[in-house]
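Some notes on the structure that comes next.
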Amino acid sequence: MAIAKRLLFIPIILLAIAAGYWWGVYSSKNPSAPTPTQNRLSRELSPYLRLHAHNPVDWYPWGEEALAKARREDKPIFLSVGYSSCYWCHVMERLVFSDPDIAHLMNQFFVNIKVDREERPDIDEIYMTATQLMTGHGGWPNSVFLTPDLKPFFAGTYFPPEDSHGRPGFPRVIQALHVAWQEKRQELEKQADQISQSIARIHTTGTASEKVERDLIGKAIDHIENRFDPVNGGLGTAPKFPPDHALNLLLTAYRQNPQAKYLAMVGQTLDHIALGGIRDHLGGGFHRYATDAQWRVPHFEKMLYNQALLTHNFLRAYQITNKTAYRIAAEEILDFVSREMTDSKGGFYSAIDAETEAEEGAYYTWTEQEIRQTLKKDADFFLSCYALAPMPEGSASVIYKADTDSALSVRHQTDTATLHARLSPLKEKLLNARSQRIRPLLDDKIITAWNGLMIGAYARAYEVLGHPGYLKVAQKAADFIRDNLRNANGDLYRIYREGQRKGEAYQEDYAFLIDGLLHLYRATHSARYLQDALSLSERMHTAFWDTLSGGFFFTQNQNEMIVRTKSFYDSALPSGNAVALHVLWELRTLTQNPLYAQRALALTNSFAPLAENTPGALLHFIHGTMMTSSPIATLSPDSLVTASATTLPPDSANTLKVNVRLVIASGWHIQASNPTDDYLIPTRLSLDTDIAEITQIDYPQAEDLQFPFAERAIAVYIDSLNVPLTLSFKTRPQTLSLLLTYQACDSTRCLSPQTQRIALNIK
């Protein structure tokens, strides 16, 4: 998230923590209290929350019970947000939350709430923004202290159990905050108000643009080029995340304008990712990110969404280059997901943890001796093709590929098929040996949004590679979502686990699932997938569209939250609004219904100013604007509406009556000045000067026309119309320009909104 500047916060707390002034004042002298068998989190569906069910902390899940307790007892809230495959979340659970003495302080001073960020991304987004504002950085576990009315006043990420290396331990932090709450509460609440206001500003899109910058795509590509690593591929330096959104944009840019540099950046990145230790060369799939610039030493969790997004990247690159390595990478991802991340009923699990027995990467790493013991006489050949990158601590290493298949084939004087045939059984031996180790935790909750991404990946794989098995997996998953995560009214749920569904779905759940269903429709031409996508699109628009400022809200309502957010910045996942833009254009293409083009353009206008200012943070949104490059774009909107203005005798020296005449091409229309629906672009006349103003304007009565795509008639202007208006001057000019904003549509399509300048000679 782009945050312009970091806020400053009450020095008294930080000074007290650093100096230790309050240390011991409220220190618990009680003997360690007996640990309860289970706390409330044992009743939760989330595997992450259940990991904390045996903590002596009196944890609550987020909900009215906890919030009411904070209000009733006038206690601050300690909010801890994490997820199941987060390494430092596990460390804090073991070292801090399992400590009875620390738990005693927490229970005495705070109402303690645990949140799984994957279940409640709305809570995560708001309070991660708070942490970034207060500290200048973010991460998980996210540790935030709130007033009883949910406004944040202090935050951090991981806190150790004791003071260490100049960093305060968690006991010192919570005691200092307790004293501050007792003695400096007004200052804390004032600070909480300021932080909450800043969060609201950050999550507000502002005024929609009536004119979208024409070179958004150029700005996005410039951003990618400026951050591109020409040696190792990817963007920036360590740590490195797969730049899925950048790669997809570059691949589309290459198809529309085949410049070699676009494909070169994609190839350099995918080649290095495919060779690096971020790839699980034995079991398939990819870890979440690399800790080094060469992609060799990963952070070891495996997320479902990474598998989906990288599958799309590799398949799209394979379609253009026909490079076998890209096809194999995609196939290995899909085989891995089918084998280890797919429920027997068809849904996809969310993640696999990074650690086993408190050691990150223990399941995946090897010593050379272990490899030699497993492969015996074949070890030299394997180690001539694969290398070992040492972990930062310990003696184990990460397997990565030493070179490309073509280079290895030359080195071993063979062809790539023979090379693969020799390596395959060796990799299988190592995988079998690895499978005897203790496996990392599987987070088997099924998330609607992420399943939508994975359904799309399997459907694309069927389209590109033609394997019927991929289509069956996608269809089974789509059926699972329909049967288990959608109710009779068509509403979606967020989570499924252990036979139960939970949580009202978010906008991203709708958008991502629609995207997956549209991939299935293209693969099968089965009308039911298109119909499901259409009905979900209507539900998304009804439940989430912001009728005042445009764009989709993240949640269906604000509920108890301090702000109702919108997802417009990309993260590891594309933003929900960006995916909505893609699917709206796709629906327009598939149905030829201009309604979806109108909605897409309204969405574009809502976020265009943000995209212009921070293109690197909205790459998938900008990618969505490229979907207007279709036969529609070859028409000139200016040729469809002709505008002229004539003056009438003035009422006085400071006023002037004007008649504006619009002539609209046959078969086309423009929207009324007060459109039938809020997503439609109104026809408006305005000025761009402060020496005059329009004091009266009389738009004519529009005609109500029925179109096959709409349930009710739409108010439009056709053929020609006159718009009389009156101008008032501060200083009477000789010339003036009126601005006409409109959108031209026919019965099946809409062009992008236009602003036309109308010259007016003033006598």
**Request:** Note the listed values (i) 137, 113, 65; (ii) 203, 77, 47; (iii) 95, 76, 49, then indicate which one is Cα extents along the principal axes in Å calculated from this particular structure.
**Result:** (iii)
**Complete:** Rounded to the nearest Å, the spacing of the alpha-carbon centers of the stretch 657-714 and the stretch 410-444 is 65 Å
**Request:** Mind scanning LYS302/LYS566; LYS376/LYS427; LYS151/LYS566 and naming the pairs with a C-alpha gap bigger than 23 Å?
**Result:** LYS302/LYS566
**Request:** Once you have a ≥ b ≥ c as the square roots of the Cα gyration tensor eigenvalues for the stretch 484-571, tell me rounded if a/c is under 1.5, and otherwise prolate or oblate according to whether a/b is larger than b/c.
**Result:** oblate
**Message:** Can you tell me the convex hull volume per residue for the stretch 392-442, based on C-alpha atoms, in Å³ to the nearest whole number?
**Reply:** 138 Å³
**Message:** Going by average Cβ density within 10 Å per residue, which order do the peptides 126-135, 486-495 take, highest to lowest?
**Reply:** 126-135, 486-495
**Asked** Packing-wise, with mean Cβ within 10 Å as the measure, how do 287-300, 93-106 rank, highest first?
**Response** 287-300, 93-106
**Complete:** Scoring only Lys, Arg, Asp and Glu (+1, +1, -1, -1) among other residues with Cβ under 12 Å from the Cβ of ASN55 yields +1
**Item:** Cα pair distances in the stretch 202-313, grouped into 10 Å bins until the bin that holds the longest one, percent each
**Value:** 14, 40, 29, 15, 3, 0
**Asked** With the calculation restricted to Cα positions, what are the radius of gyration and Dmax of the stretch 331-416 in angstrom?
**Response** 16.5, 46
**Item:** Calculated SAXS-style log₁₀ I(q)/I(0) at q = 0.09, 0.14, 0.17, 0.22 Å⁻¹ - the stretch 153-257, Debye, Cα scatterers
**Value:** -0.55, -0.87, -0.94, -1.16
**Request:** As a check on your grasp of the helix formula, calculate [θ] at 222 nm for the chain: sum -39500 (n - 2.57) over DSSP H runs of n ≥ 4, divide by the residue count, round to the nearest 500.
**Result:** -13000 deg cm²/dmol
**Message:** For a protection proxy built on the mean count of beta-carbon atoms within 10 angstrom, sort 337-346, 83-92 highest first, please.
**Reply:** 83-92, 337-346
**Request:** For the stretch 556-633, report the convex hull volume of the alpha-carbon atoms normalised per residue, in Å³, without decimals.
**Result:** 109 Å³
**Request:** Determine the per residue accessible area of the stretch 637-761 with all protein chains present and a 1.4 angstrom probe, expressed in square angstrom.
**Result:** 49 Å²
**Asked** Hey, if you drop one equal point scatterer on each alpha-carbon of the stretch 637-761 and run the Debye formula without solvent, what base-10 log of I(q)/I(0) do you get at q = 0.09, 0.16, 0.21 Å⁻¹?
**Response** -0.27, -0.77, -1.17
**Request:** Can you check what the net charge comes to around THR547, using other residues whose Cβ is under 10 Å from the Cβ of THR547 (Lys, Arg +1; Asp, Glu -1)?
**Result:** -3
**Complete:** Expressed as a percent, the accessible surface of the chain that is carbon or sulfur, using a 1.4 Å probe and the full set of protein chains, is 48 percent
**Asked** Under the rule that a partner needs its Cβ under 4.7 Å from the first Cβ, which Cys of the chain have none?
**Response** CYS385
**Request:** Run down the aspartates and glutamates and flag those whose C-alpha is under 17 Å from the C-alpha of LYS190, throwing out any fewer than 8 positions away in its chain.
**Result:** ASP74, ASP149
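The values are calculated or read from the model by the stated rules, or taken from the named source; none is laboratory data. Quantities reported herein were computed from a predicted structural model and do not represent experimental measurements. Quick reminder, even Gly has a Cβ in these numbers, built from the backbone with ideal geometry, and neighbours come from all protein chains shown. Surface areas here come from the heavy atoms of the whole protein model, side chains and all, with no ligands, DNA or RNA. Shrake-Rupley method; radii C 1.70, N 1.55, O 1.52, S 1.80 Å.
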